[in-house]
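What follows is a set of notes on a single structure, which appears directly below.
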Amino acid sequence: MITELPFDVLRIVFHCLLDDPVSICRFEMTCRSNCQLVRNSCSPELFQEMLNFRWRTGNQKNYSIDDILLSFDWMEEKEMEHVASWAYHKTNHNNPRDELERRYKRDQIAIQCVNEMAEIMATKLFHIKKSAECDSSSSSSTMKDVLHPLGESWNNANWTLLFELRLDAYDILKSIAKTNHHHRHHAINDKDVLKQNVRRFVSARTAASMHMSQCLMEWKKITSSSNDECRATQIENFALLVAKAQMTPLELLDETSPMEVDVTKHLDRIADKCRTTITNTSSRSNKEKILVISEVLFGEMGFAGNNEDYYNYKNSLLNHLLKSKKGIPMTLAVLFACVARRLNIVTDIIGLPGHVVLGFFDDTTSKQLYLDVYRGGKIMQLEECQRISSSYGFAWDDNFIRPLPPLQVYTRILNNLINCHGQLPVLSAPPLFRETLAFQARQLMLAHKMPYIVERMLQDRPLTM
């Protein structure tokens, strides 16, 4: 009998069921003695571990639709605490077991909503296909008819309920969207398989909209706390938020750990490399340290301006810059400022007409110097900044070298992004989800210019196209 097992053995058994807390809860509900046994054997920390084990936003593996709770073995303990903190610590629940049960029930609601929506849309699509097969002359209008049921998902009451679940349903929606089914290429000939594919579509679409709403809420949080943070920290937070809001649905589904965590770790590693070089070379002045960072970034690591593909929207995103090592002046300046901040070196982003450079104080000469991050980290004097301004047809104004406040940096990042999306129609190979990314960039700009309408934007779904 399991009730005769020692508590220490039961704890081991329950730890083996971390990926299936439902079984533990069912065992607990069989009778009062078993309930007491579970309560005595499972400490709150174990249920908290189950929460962390299950709800790691964006980190689900593929699994069967009927399976809800999964096991994960890839995440380090420190990462788990960072990523999963919202799953429990941001709630008012003092009992992890109750929180686990609440979240499981919400999973069930989400799955039911998706199933009902998929059934309705799959039925409509199946009838459309059958009608088209019977009447080949109607093929020209079939595409519009096919898109209509998919577009109707926004008006479905279940979609509204899903969205109201917010992050509670985000994980399960991503997992459903990632589920693979056999013969999916022949889905149009099989209503059941078509339903599975529609289910994946609805889940991915809703998760993407939830993700964008979360970005808008984070924007409110960042702007409301901006006065309590240093300028470089604010700029980094803004850059990460823009990159997060420009993730495509495929990138969201393929995300194995939060993008902002990966970017932050990458920046930390670069800063550690620079710190080691500064120590080894006995660099003491600001200028010497700036030159070390410049050599590491532009020399050793090969970061550079993207002259060949300047209007690629990814040039404005910090996460893609770290991967491709190609970017535009503003993104390279943000990268440099992020690394310098980790080394306690003060830098300022200077918005010259048509160009962006970094400003820093040379403590050996008591002069302000400038760094052209787009041209390999070239050190410049004021006169060279004036020549840049003149080359764009602007008469010099001393305000040109005033540091850009974080909100103005954010504005310029978004302007660059929207401008790049505007160039896409004339390019030969526009990226996937072009309309959605452009739409979301404009949403960020709208929230930036008129913050008082953010709440209304969150209510007036959808937040994707």
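Read the figures in this text as sums done on the coordinates, not as results from a lab. Because the structure is predicted, anything quoted here is derived from the model rather than measured. Neighbour counts are summed over all protein chains in view; Cβ atoms, including those assigned to glycine, are modelled from backbone coordinates with ideal geometry.
Less than 5 angstrom separates the built amide H of Lys378 from those of Asp372, all sequence-distant by 5 or more or on a different chain.
In this calculation the C-beta distance from Arg166 to Asp272 is compared with R0 = 45 Å, giving a FRET efficiency of 0.80. Length available on full extension from Thr123 to Ser285: 0.36 nm per residue minus the Cα-Cα distance, which gives 51.3 nm.
3J(HN,Hα) couplings calculated from phi for the stretch 324-337 with the Karplus curve 6.51 cos²θ - 1.76 cosθ + 1.60 (θ = phi - 60°) are, in sequence order, 8, 6, 10, x, 9, x, 5, 5, 5, 5, 5, 4, 4, 5 Hz; Gly and Pro show x. Once the Cα-Cα distance is subtracted from the 0.36 nm per residue extended length, the Asp190 to Arg442 segment shows a gain of 86.8 nm. In order along the stretch 203-219, the phi-based Karplus estimate (6.51 cos²θ - 1.76 cosθ + 1.60, θ = phi - 60°) of 3J(HN,Hα) comes to 5, 5, 5, 5, 4, 5, 5, 4, 4, 5, 5, 5, 4, 5, 5, 5, 4 Hz; Gly and Pro are listed as x. Between Lys449 and Cys230, the FRET efficiency estimated from the beta carbon spacing at R0 = 25 angstrom works out to 0.55.
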